Amino acid sequence: MGTATGKQGVELLVVHAAELVTCRAPGGRARGEALDRLEVIRDGALAIRGERIVAVGPTAELAAHYTASTVLDATGRLVSPGFVDAHTHLVHAGSRHDEWQDLVRERPVAGIDAGIRRTLRATRAASSAELRSRALADLDVMLRHGATTVEAKSGYGLDHETELRMLSVAAALDHPVEVVPTYLGAHVLPPEYADDRAGYVDLVISLLPAARRYAAYCDIACDPISFTAAECEQIAAAAVEHGFRLRVHADQTGDASGTALAVRFGASSTDHLDEATPDAIAALAGSDTVGVLFPGVTLHMLETVPGSARPPLRSNRPAWARRLVDSGATLALSTDYNPGTSPTPSMQTVMQLAARLYRLSYAEIWHMCTINAAAALDRSAEIGSLEPGKRADVVIWSVPEHGVVIHRFGANLVDTVIVRGQTTVQGRAARAGGDGRQT
Ligand code: NIG
Ligand code: FE
């Protein structure tokens, strides 16, 4: 589309970003030394045509080549890719704030599996309309906090009817955020099958064909509170036969060989890893499976508090996280948004906690919430970085530098969100040039 000026016409130009972080990485994943090397363009610009990014670079360069019907002045603002939240339990009903107060007050508490069964009762009792309206409201919050792609699991139905209902709700959410449904029939054993583990594994497998209509992913919880490696192996093999890609809730409350299972099956991700053994971490490092970590769970379950009713699974979280990073594995961060172990829907909060609890660097955290999280959903060729050809999912921030987003905490610093080239959250940057930004 040439113009009289010889410039290419595009629909949207974002110019004069104090910093533009592309978050791109060789091969669509940042691992090893690349994890700590973030590409930052000062006085950066972005050209968008339709749903796609056509150019990224210094403002002087893009202004010479492109002209646009809409120009957003991002002076004094950071521009970044939208976040990818690769692990959530978005669709659910009820709240578990009451039992959490017992944890806080160091009173006796039931296990995570008992909590999941409580949410199961609330979710079974909820109508599809109730599940849908709550999920949509949560997606609004996630979007306003900078997420533009969100994975959403079933796993609070654990019967034929409710599992499929959760998936049909997740698959049909009409929202600017892209939702990626995952079938998590193998979350915990439901009460009706307390004495029939094999029967429940058979049920999970029998639902695979119907679940595949809504979901391309099957998640399996390989954990002492959930399913054994042998049970998971049976489900994983059947899921692969039905054309699913795999994800694993692995080794959260103890070593159940979940990470090793994920690597063996070429899973897209293995998530939690709290109790993954050194051998399992080495296997992960030699694979393309993405390890997903949840600082929201670490904080919310009070694992950091000495003498808490639930003592730390790992006595030294920074050393645990550094061992994972140094192994060379591909790692991502996610909310694990759910009413029990991590009731935060905010990827910004996750970033802020990852620095404080895991001592990760700004560059590491940005990659882990964008390009590596996209890799965990097998979408790093499409989303997760600002590069020509990719979907134009972009956040314009009220602060000028990427480190400020992590250094601050407790306030939403997103100004404007562009999804597929459309301004979807209209902040000050999208309304008029300039005011409201911070320097
Ligand atoms: O943290 N094994 C599953 N663990 C879930 C807990 C969800 C909940 O407490 O409702 C998780 O991912
Ligand atoms: Fe989870």
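Here Thr424 qualifies as in contact with a Pro (Cβ under 6 Å, 6 or more places away or on another chain), at pLDDT 95 or above and not in a loop (DSSP other than H, G, I, E, B).
Counting only helices (runs of 4 or more DSSP H) that sit wholly inside segment 329-382, those with at least 2 residues that are surrounded by fewer than 24 Cβ atoms within 10 Å (Cβ to Cβ) are 347-358, 362-369.
Among the residues of segment 129-146, those identified as open to solvent by less than 10 Å² (accessible area, probe 1.4 Å) and within 16 Å of ligand 2 (Cβ to nearest atom) are Ala135, Met142. If you go through segment 190-229 and pick out every residue that is free of Cβ contacts under 8 Å to residues at least 60 places away in the same chain and surrounded by fewer than 23 Cβ atoms within 10 Å (Cβ to Cβ), you end up with 25. Annotation: of all residues in segment 112-128 being open to solvent by 30 Å² or more (accessible area, probe 1.4 Å) and small (Gly, Ala, Ser), the one that is nearest to Ala392 (Cα to Cα) is Ser128. The set of residues in segment 256-265 that are farther than 15 Å from His187 by Cα and either open to solvent by less than 40 Å² (accessible area, probe 1.4 Å) or within 14 Å of ligand 1 (Cβ to nearest atom) (or both) comprises Thr259, Ala260, Leu261, Ala262, Val263. Scanning segment 238-251 for residues that are within 14 Å of ligand 1 (Cβ to nearest atom) and either more than 20 Å from Tyr183 (Cβ to Cβ) or touching a residue at least 60 places away in the same chain (Cβ under 8 Å) (or both) returns Arg247, His249, Asp251. For beta carbons closer than 6 Å, sequence separation of 6+ or different chains, a first residue in segment 82-107 that is farther than 24 Å from Ser385 by Cα and a second that is away from ligand 1 (no atom under 12 Å from the Cβ) and at pLDDT 95 or above, the qualifying pairs are Val91/Leu131; Val91/Ala135; Val91/Ala152; Val91/Met166; Val91/Val169; Val91/Ala170; Ala93/Ala126.
Considering segment 101-113, the residues that are in a helix (DSSP H, G or I) and within 16 Å of ligand 2 (Cβ to nearest atom) include one that is nearest to Thr341 (Cα to Cα), namely Ile112.
Residues of segment 11-26 that are of a type outside the set (Asp, Glu), in contact (Cβ under 8 Å) with a residue 24 or more places away in the chain and open to solvent by 30 Å² or more (accessible area, probe 1.4 Å): His16, Ala18, Arg24. Scanning segment 272-290 for residues that are closer than 25 Å to Ile112 by Cα and either within 16 Å of ligand 1 (Cβ to nearest atom) or in contact with a helix residue (DSSP H, G or I) (Cβ under 6 Å, 6 or more places away or on another chain) (or both) yields a total of 8. Taken over segment 217-260, the criterion of being over 21 Å from the mean Cα position of the chain (by Cα), more than 17 Å from Thr341 (Cα to Cα) and polar (S, T, N, Q) is satisfied by Thr228, Gln234, Ser257.
Applying a threshold of 8 Å to beta carbon distances and a minimum spacing of six or more residues, or different chains, the list of pairs starting in segment 55-68 at a residue that is more than 18 Å from Thr22 (Cβ to Cβ) and ending at one that is of a type in the set (D, E, K, R) and part of a strand (DSSP E or B) reads Ala68/Glu11. Scanning segment 159-183 for residues that are open to solvent by less than 40 Å² (accessible area, probe 1.4 Å), out of contact with any Phe, Trp or Tyr (no Cβ under 8 Å at 6 or more places or on another chain), among the aliphatic types (A, V, I, L, M) and free of Cβ contacts under 8 Å to residues at least 60 places away in the same chain returns a single hit, Leu173.
A single member of Arg31, Arg42, Arg52, Arg37 is away from ligand 1 (no atom under 16 Å from the Cβ) and under 18 Å from the mean Cα position of the chain (by Cα), and it is Arg31. Only a single criterion out of (1) open to solvent by 10 Å² or more (accessible area, probe 1.4 Å); (2) within 14 Å of ligand 1 (Cβ to nearest atom) is not satisfied by Ser269, namely (1). The one condition from (1) open to solvent by less than 10 Å² (accessible area, probe 1.4 Å); (2) more than 17 Å from Leu377 (Cβ to Cβ); (3) within 16 Å of ligand 1 (Cβ to nearest atom); (4) not hydroxyl-bearing (Ser, Thr, Tyr) that Glu151 does not meet is (2).
The values are calculated or read from the model by the stated rules, or taken from the named source; none is laboratory data. Note that the coordinates shown come from a computational prediction; the quantities given were computed from them, not determined experimentally. When we count neighbours, we look across all protein chains shown, and the Cβ atoms used for this are built from the backbone with ideal geometry, even at glycine. Just the protein is used for accessible areas: all its heavy atoms, side chains included, with ligands, DNA and RNA removed. Shrake-Rupley method; radii C 1.70, N 1.55, O 1.52, S 1.80 Å.
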